[in-house]
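Colleague: I'd like to ask some things about the structure below.
Nothing in this text is a laboratory measurement; each read-out follows from the coordinates by a stated rule. On a predicted model such as this, the values are computed, not experimentally measured, just so you know. Glycine gets a Cβ as well: all are built from the backbone with ideal geometry, and neighbour counts include every protein chain shown.
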Amino acid sequence: MMNKKPQDPELDETLEDALEEKVASENEEEISVDITDTELEEKKQELGELKDKYLRLQAEFDNFRKRSMKEKLEFMVTAAQDTMTVLLPVLDDFDRAKKNAEDENSAEPFSEGVMLVYDKLHKNLAQKGLKAMESTGEEFDPELHEAITEIPAPNEEMKGKVMDTVEKGYFLKDKIIRHAKVVVGK
């Protein structure tokens, strides 16, 4: 059995310090590399170019993501627009039938059940964003109205205004899906 000598703590510290200095000096020799100023400038320039490319790519991706979301929303609105456009002639027929039934000389009354269906259809389409365009008495606007004919205005203030609406125009979420067909006073 070997006898161990108790070690001196100061000696241990001195040996550890010496070992650390030796390792540090060896690492310094390996780390010190000759880099010229031109190489350093080239590396800085290359780093700057890479950062610029990264930022541009990031911005491009962000724009792509926003554009994709916008296109999806427009697609959903367009799909609804096609459905609404198909239903517009049905709404026109309903409106004509209601107007005819409300006439005092009409022999056909508008039954309560049909009136409930009429109101429900209008209410549900309004919830989806469909809104009828008010045209009669308004100033003629070629962006909103399609002039079918012109008739002489009964007075000066009706010139250039919509005298009668032949077919209602409709908005779907503030976008025109059908222009109003109107008669304009001249």
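Colleague: When the chain is modelled as a GNM with alpha-carbon springs shorter than 10 Å, which of Gln127, Gln81, Gln45 fluctuates the most?
Modeller: In the Gaussian network model the winner is Gln45.
Colleague: Using Cα springs under 10 Å in a Gaussian network model of the chain, which residue among Ile148, Ile35, Ile176 shows the largest mean-square fluctuation?
Modeller: Of Ile148, Ile35, Ile176, the most mobile in the Gaussian network model is Ile35.
Colleague: Can you tell me the orientation of helix 9-31 relative to the chain, as the angle in degrees between its alpha-carbon axis and the longest Cα principal axis, to the nearest 10?
Modeller: 60 degrees
Colleague: On to the next question. Taking the Cα atoms only, what angle lies between the long axis of helix 112-127 and the longest principal axis of the chain, rounded to 10 degrees?
Modeller: 30 degrees
Colleague: Using 20 Å as the cut-off for backbone N distance, which residues of the stretch 148-179 belong to the label zone defined by a point 7 Å from the Cα of Asp95 along Cα→Cβ?
Modeller: Answer for this model: 148-151, 161-179.
Colleague: Here's a follow-up. Need the C-alpha centroid separation for the stretch 94-120 versus the stretch 31-80, integer Å.
Modeller: 63 Å
Colleague: With a 10 Å cut-off between alpha carbons and a GNM built on the chain, which of Glu102, Glu42, Glu150 moves the most?
Modeller: Glu42
Colleague: A follow-up question, please. Given H placed on each backbone N at 1.01 Å, which residues far from Lys161 in sequence or on other chains put an amide H within less than 5 Å of it?
Modeller: Phe140, Gly185
Colleague: What does the charge count around Leu57 come to, taking other residues whose C-beta lies under 14 Å from its C-beta (Lys +1, Arg +1, Asp -1, Glu -1)?
Modeller: 0
Colleague: Please list 3J(HN,Hα) in residue order for the stretch 176-182, calculated via the Karplus relation 6.51 cos²θ - 1.76 cosθ + 1.60 where θ = phi - 60°; whole Hz, with x for glycine and proline.
Modeller: Values per residue, Gly and Pro as x: 6, 10, 8, 6, 6, 8, 9 Hz.
Colleague: If you take every DSSP beta bridge fully contained in the chain, what fraction is antiparallel? Give it as a percent rounded to 5.
Modeller: Percent antiparallel among DSSP bridges in the chain is about 65.
Colleague: Could you pull out the pairs from Lys159/Lys181; Lys131/Lys175; Lys98/Lys168; Lys99/Lys175; Lys98/Lys161; Lys70/Lys173 whose alpha carbons sit more than 20 Å apart here? Don't skip to the answer; put the middle values down first.
Modeller: Details: Lys159/Lys181 17 Å; Lys131/Lys175 10 Å; Lys98/Lys168 15 Å; Lys99/Lys175 27 Å; Lys98/Lys161 26 Å; Lys70/Lys173 15 Å.
Among Lys159/Lys181; Lys131/Lys175; Lys98/Lys168; Lys99/Lys175; Lys98/Lys161; Lys70/Lys173, the Cα-Cα distance tops 20 Å for Lys99/Lys175; Lys98/Lys161.
Colleague: Now a separate question. Please name whichever of Ala153, Ile176, Ser68 sits farthest to the positive end of the charge dipole of the chain, dipole taken about the Cα centre and charges placed at Cβ: Lys and Arg +1, Asp and Glu -1.
Modeller: Ala153
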